[in-house]
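Chemist: Okay, here's the structure, questions in a sec.
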Amino acid sequence: MANSFTSNLLFIFLVLLFGSIGTLLVLIFPFYVRVSLANREKDKNAVVYPIIKHFFNAICFFYLSVVLCLTFFAMNALLGLFDNKDFEILLLFPWAIFVHAHHLILFFLSLQKFLIYFFPETENFLITTGKSTDLIAFSLYLILTTTHLIFFLWIMFQSGDDYPNVEIYTGYYIFINSALFSSVLLYIPIVISIGKHAHLYSFVRNKPHKFIPSLWSSWYAYTESYSIIMCLIMCIVFDLISTPVLIQVSYLFCNKRNVNTLSKQLPAMKYIKLVFYTKTSRVNPITIQTDFQTVGQ
């Protein structure tokens, strides 16, 4: 009974999570573009501008590919242009490549920050320029595209219309997400070094370290009744819709300047800015002293 309740609760949570992220995926892009273009000249002075520029170009490409794919699927459903399902699946590969490439980029960024923080002498070797960033990104896209094309052709020629088991792709997918998870782990020593959290009241009260095992046990209880293919599809869909959202949200809220620019585009953001970015001011009485000089007659 407890496992059934937990599974139902987790199912509701996943529905709300997918729905909210999907809604953000549609709504956030216009604001991301306007804020990025408005701050373009100021961002050029930042050390991380090459990666900011890459993220912007990649996000625009992602949405363009989504529009093109949806248009193709709609025309194909109405006109029946292509009956080959392999071609439709091939159209979805750019989305998977986009997600996996940015998983690896986030891993390299976290590794870069980890090494620079604990080994400052490596900064001169690890700080990338615009050309080197473009070269690294191009190499990642080329490797991932080649890998996916080889895998796709292997499936098509090995099995015909019946797809084989996906153990190979599952192993690859676990490797990619392990890189993303490792990027999170690399930030932990930095956070610990900056300041200890154990003495914080919120940490002691909420005990987040005890919540993580219960979350994984709930996830296992929910997914154990599903096939590995179904779980893999759920994870892939979540990556596809969450990765662009996380990139855009991270940029929009990374500093006060971006929030100020966003608040001009969205009036509701003014309240968020007041809550999170306005320093509390203290009003003190002003004492005016007036000296009177008495002149004796």
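Just so it is clear, none of the values below were taken in a lab; they were calculated from the coordinates. Keep in mind that what you see is a predicted model, and the values were worked out from it rather than measured. Cβ placement follows ideal geometry from the backbone for every residue including glycine, while neighbour counts extend to all protein chains displayed.
Chemist: For E123 and N260, what does the FRET efficiency come to when R0 = 25 Å and r is the distance between their Cβ atoms, rounded to the nearest 0.05?
Modeler: E(calc), rounded to 0.05, equals 0.25.
Chemist: Order of T243, T128 from fewest to most other C-beta atoms within 10 Å? Spell out each step's value before the answer.
Modeler: Numbers: T243 24, T128 18.
Ascending Cβ contact count within 10 Å gives the list T128, T243.
Chemist: ³J(HN,Hα) across region 26-38 via Karplus (A = 6.51, B = -1.76, C = 1.60, θ = phi - 60°), whole Hz, x for Gly/Pro?
Modeler: 7, 7, 7, 4, x, 5, 4, 5, 5, 5, 5, 5, 5
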